[in-house]
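See structure below.
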Amino acid sequence: MKSSLHVYILLFSISSTIAVQLDGTCLNNVPCEGSNVICTNGQCQCNLPAYVPCKSQCELNRNYAYEGDSCEVTENCIRNSICAGKKCVCMPGFTAKSGLCFKSLNAACSNDTECWSQYCSSSRCTCAPNYEPNVDNISC
């Protein structure tokens, strides 16, 4: 009986840690639910301007060209990228991930969402605890 009580408590603990939906209230230790949704000022929001709300999801903002997309001028490209050879490419010090350009490992940062690794520690983009940089020193 005692062991089944422990199992029940464990299952309840696991099931009560639920990600917060778009527009819901969030804290840093509770993730937001869905792709490209981040916790900003205590509310789960789309990672603007690259993503915009559409019903209960975040979709790519088609007003921009993303990393690898065709462009005519830099103003067509998403933040932290430039138009080079008629393609949007990440600026030096930034790394592409899902069409966006994030600060690379060891770059100065003020919050997790700026970093490719999604982890900012001591004002630097670093790998999350228990992860190490790969040989390329770009990813973890």
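Bear in mind these aren't lab numbers, they're just calculated from the coordinates by the rules spelled out. Since this is a predicted model, take the numbers as computed values, not measurements. Cβ coordinates were reconstructed from backbone atoms using ideal geometry, including for glycine residues, and neighbour counts include every protein chain displayed.
Give me the one-decimal nm value for the distance between modelled label points at Asn61 and Cys140, 7 Å along each residue's Cα-to-Cβ direction.
Those two pseudo-labels are separated by 2.6 nm.
So what's the net charge close to Ala108: Lys and Arg +1, Asp and Glu -1, counting the other residues with Cβ under 15 Å from its Cβ?
Its environment carries a net charge of 0.
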